[in-house]
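Asker: Quick one: the structure is below, questions incoming.
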């Protein structure tokens, strides 16, 4: 059985991207297995972007990323009641994050578990 701690809790995206790539889908499949094996658990999907682009653009991208992750989890038969959504955009991006390597890590959906 997979535990929540055994799988990385971030699904990463390309610049401006809202599609989950093959590598990230594999992580999501593991999360889906965990959620189906533990119906008492729920997951909150938190969408982030880097600091490039306007606030409105970044919030929209974050929402689309969260929706893409949720859609995939649902396609893997995770009940909708176990999935919560929250989009941040770039509001909580560290001010010191100015390199491309740092920005890549900000383009993500984080999965946080609760009971």
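Asker: Percent relative contact order of the chain, based on C-alpha pairs within less than 8 angstrom and at least six residues apart? Please list the in-between numbers first.
Answerer: On the way: 198 pairs, mean separation 46.1, N = 115.
Across the chain, relative contact order equals 40 percent.
Asker: Residue 30 versus residue 112, label points 7 Å from Cα toward the beta carbon: distance in nm?
Answerer: Each label point lies 7 Å from its Cα, and together they span 2.2 nm.
Asker: With the crude spin-label approximation of a point 7 Å out along Cα→Cβ, what separation in nm comes out for residue 86 versus residue 104?
Answerer: It works out to 2.8 nm between the two label points.
Asker: When Rg is the radius of gyration of the Cα atoms in region 4-114 and Rh is its Kirkwood radius, what does Rg/Rh come to? Don't jump to the answer; show the numbers that get you there.
Answerer: Numbers: Rg = 13.6 Å, Rh = 14.0 Å.
Computed over Cα atoms, the ratio is 0.97.
Asker: Determine the gain in length on full extension of the stretch residue 23-residue 10; use 0.36 nm per residue of separation and subtract their C-alpha separation, reporting nm with one decimal.
Answerer: Gain in length upon complete extension: 3.5 nm.
Asker: Which percentage, to the nearest 5, of the DSSP beta bridges contained in the chain is antiparallel? Don't skip to the answer; put the middle values down first.
Answerer: Details: 10 of 16 bridges.
Bridges in the chain are about 60 percent antiparallel.
Asker: Ranked highest first by average number of other Cβ atoms within 10 Å, how do 97-104, 29-36, 79-86 line up?
Answerer: Details: 97-104: 11.9, 29-36: 18.8, 79-86: 13.8.
Highest to lowest by the protection proxy: 29-36, 79-86, 97-104.
Asker: Then there's this: Quick check: the angle from helix 55-75's long axis to the longest principal axis of the chain, C-alpha only, nearest 10 degrees?
Answerer: The helix 55-75 is inclined about 20 degrees to the chain.
Only the coordinates and a few stated rules stand behind these numbers; no lab work does. The model shown is predicted, which means the values in this text are computed figures rather than measured ones. Every residue, glycine among them, receives a Cβ derived from its backbone with ideal geometry; neighbour counts consider all protein chains shown.
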